[in-house]
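Asks: I have a structure here, written as structure tokens, and I will follow up with some questions on it.
Where a number appears in this text, it was derived from the coordinates with a stated rule and is not lab data. Quick caveat: nothing in here was measured; it's all calculated off a predicted structure. As a convention, Cβ positions derive from the backbone with ideal geometry for all residues, glycine included, and neighbour counts pool all protein chains shown.
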Amino acid sequence: MTRWSGPGGFNRRSILVGAGLLLAACGKVGAAKTADVLRVSITGKGEGDTQLLFKAAGVTTSGYTLDYVRFESGHLALEAMNGHSLDYGGVSEIPPIFALGQSAPSFRQIAVAHGDVNNQVVLVPKGSKIDDLAGLKGKRVGYVRATTSQYFLIRMLQSVGLTWSDITPVAMTVSDGASAFSTGALDAWAIYGFPIQRAIATEGARILKTALGFLSGNYLVAAHVDALADPAKSALIGKYLADTRRAYAWAAAHQDQWAATIAQDIGVPLAYVQDQFHRKSDVYQLRPVNEAAIASQQAVADLFADQKLIPARVDVRPLWDNRFNSIIEGQS
């Protein structure tokens, strides 16, 4: 399969990492081909961990089994989906845009999981002299290629009159970025999720800026086209969406309990997760496919095209599928 590896695309390292995870996934789910098994990705830890959420919320699946596969970022989940190792996965608005620059995408976007954007930030190390976004000029800034961190970093730079070329951007995986930030190899780190609390708790890192005002809060739900074409699998996807709605509703109503569960799972003091929860821009909820969601992703795609981080402008509309809207809205 041809892969574009230009600026901002899937480089050789990400493909190799994705392939390794994909092989691990295949070893786990290769035999799981029965109609009552849904293969689902989990990206990162914390609030995005639906396996942890279902357990905390007491949500049990009825009539089907979930086979979870873990990834560091959404673009790796899409790589696995392209390899037919996943039926269902969560991604941000960004990875599907890069996928459009490759062969025909093997997925459709069937829902929006709208949530917090204050858990996506630019971190600076303890003692850093950088006190605003303008201070990033000339600095080494880590980010995760083809993810929200690349997008909000571009927009943050634009907001203070800087461009991508005004910094030294360093594309890294989440784990490599955590190591580089910890050892002082980065002046700042654009990152998301539980590594923020870890860096604050263990290293005295400081949040320079959150992504509020720079991200839409739309995190997308993708499903493999083969699963959507299979009536039995499609029915399981509908059940899982309904169960996810229930789990999100529990989390919204039990924030203290959910924060304590996350803190224990990721191994940081409860106070740090509570602080993140207090700063939330929104709780997680499923939203249907609509014109606003499509327009939001199209604006993201246009920015990446303008920045020449994808080869050409793309139309995201064909990626969307609204067949589950009634389930998402609680009408069926």
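Asks: Given labels modelled 7 Å from the Cα in the Cβ direction, how far is it in nm from Ala104 to Asn290?
Replies: Reported label-point gap for Ala104 and Asn290 is 3.1 nm.
Asks: A further question follows. In a Gaussian network model over the chain where Cα atoms closer than 10 Å are linked, find which of Ala227, Ala301, Ala134 has the largest mean-square fluctuation.
Replies: Among Ala227, Ala301, Ala134, the largest GNM mean-square fluctuation belongs to Ala134.
Asks: Now, a different point. With +1 on the Cβ of every Lys and Arg and -1 on the Cβ of every Asp and Glu, and nothing else charged, how large is the dipole of the chain about its Cα centre, in debye rounded to the nearest 20? Each step should come with its number before you reach the end.
Replies: Values: 31 positive and 28 negative charges, 100 e Å.
Around 480 debye, computed over the chain.
Asks: Another question about this same structure. Per 0.36 nm of contour for each residue apart, how much would the distance between Asp166 and Lys129 grow if the chain were fully extended, relative to their Cα-Cα spacing? Intermediate results must be reported in sequence, preceding the final value.
Replies: Working: separation 37, 0.36 × 37 = 13.32 nm, distance 1.78 nm.
Contour length minus Cα-Cα distance gives 11.5 nm.
Asks: Something else about it: Considering amide H positions built from the backbone, and no H for Pro or chain starts, which residues 5 or more places from Phe107, or on another chain, come under 5 Å of its amide H?
Replies: Amide H to amide H, under 5 Å and 5 or more residues apart or across chains, Phe107 pairs with Val225.
Asks: Let me ask another. Compute a Gaussian network model of the chain, connecting alpha carbons closer than 10 Å, and tell me which residue from Ala56, Ala312, Ala190 fluctuates the most.
Replies: Maximum fluctuation in the GNM of the chain, among the listed residues, is at Ala312.
Asks: Given the options Gly217, Gly204, Gly90, which has the most mean-square fluctuation in a GNM of the chain, springs set between C-alpha atoms less than 10 angstrom apart?
Replies: Gly204
Asks: So between Ala299 and Asp230, what do we pick up on full extension, going 0.36 nm a residue minus the alpha carbon distance? Intermediate values should be presented prior to the final figure.
Replies: On the way: separation 69, 0.36 × 69 = 24.84 nm, distance 3.20 nm.
Extra length from Ala299 to Asp230 when fully extended: 21.6 nm.
Asks: Which of the lysines could a cross-linker span from Lys137 if the Cα-Cα distance has to be under 17 Å and same-chain partners fewer than 8 positions apart are dropped?
Replies: Lys129, Lys209
Asks: In addition: If the cut-off is 16 Å between C-alpha atoms, which aspartates and glutamates fall inside it for Lys55, apart from same-chain ones fewer than 8 positions away?
Replies: Correct list for Lys55: Glu47, Asp67, Asp243, Asp256, Asp265.
Asks: So, one more: Using 1/(1 + (r/R0)^6) with R0 = 22 angstrom and r between the beta carbons of Ala252 and Ser326, what's the FRET efficiency to the nearest 0.05? Working shown, then result.
Replies: On the way: r = 21 Å, r/R0 = 0.97.
Calculated value: 0.55.
Asks: Calculate the translational D of the range 78-141 in whole µm² s⁻¹ from Stokes-Einstein, where the hydrodynamic radius comes from the Kirkwood formula applied to all Cα pairs, the temperature is 37 °C and the viscosity 0.692 mPa s.
Replies: Details: Rh = 15.3 Å.
Approximately 215 µm²/s, per Stokes-Einstein.
Asks: Give me the Å³ per residue figure for the convex hull around the C-alpha atoms of the range 150-255.
Replies: Values: hull volume 17.2 nm³, N = 106.
So the per-residue hull volume is 162 Å³.
Asks: Note the direction-averaged projected area, equal to a quarter of the hull surface, for the Cα convex hull of the chain, in nm². Can you show the working numbers first?
Replies: Details: hull surface 62.7 nm².
Computing the convex hull of the Cα atoms and averaging its projections yields 15.7 nm².
Asks: What does the charge count near Val124 come to, summing +1 for each Lys or Arg and -1 for each Asp or Glu among other residues with Cβ under 14 Å from its Cβ? Please report the intermediate quantities before stating the final value.
Replies: On the way: positive: Lys126, Lys129, Lys137, Lys139, Arg140, Arg206, Lys209; negative: Asp131, Asp132, Asp187, Glu203.
Once all neighbours under 14 Å are counted, the net charge is +3.
Asks: Oh, and also: What is the sum of charges, Lys and Arg at +1 and Asp and Glu at -1, for the other residues whose Cβ falls under 14 Å from the Cβ of Gln298? Numbers along the way, then the final one.
Replies: Values: positive: Arg313, Arg317; negative: Glu93, Glu291, Asp302, Asp306, Asp315.
It works out to a net charge of -3.
Asks: Counting Lys +1, Arg +1, Asp -1, Glu -1, what net charge surrounds Ile237 among other residues with beta carbon under 15 Å of its beta carbon? Numbers along the way, then the final one.
Replies: Working: positive: Arg39, Arg108, Lys233, Lys239, Arg245, Arg323; negative: Asp36, Asp67, Asp87, Asp226, Asp230, Asp243, Asp321.
Taking every Cβ under 15 Å from that of Ile237, the sum is -1.
Asks: Assuming R0 = 35 Å, can you tell me the calculated FRET efficiency for the pair Ser179 and Ser62, based on Cβ-Cβ distance, to the nearest 0.05? Don't skip to the answer; put the middle values down first.
Replies: Working: r = 42 Å, r/R0 = 1.20.
Here the calculated transfer efficiency is 0.25.
Asks: How large are Rg and Dmax for the range 120-210 when only the alpha carbon atoms are used, in Å?
Replies: Every Cα atom of the range 120-210 included, Rg and Dmax give 11.5, 33 Å.
Asks: If you count, for each residue, the other Cβ atoms within 10 Å and average over each peptide, how do 164-170, 194-200 line up from highest to lowest? The partial results should precede the final answer.
Replies: Details: 164-170: 16.0, 194-200: 22.6.
With the highest mean Cβ count within 10 Å placed first, the list reads 194-200, 164-170.
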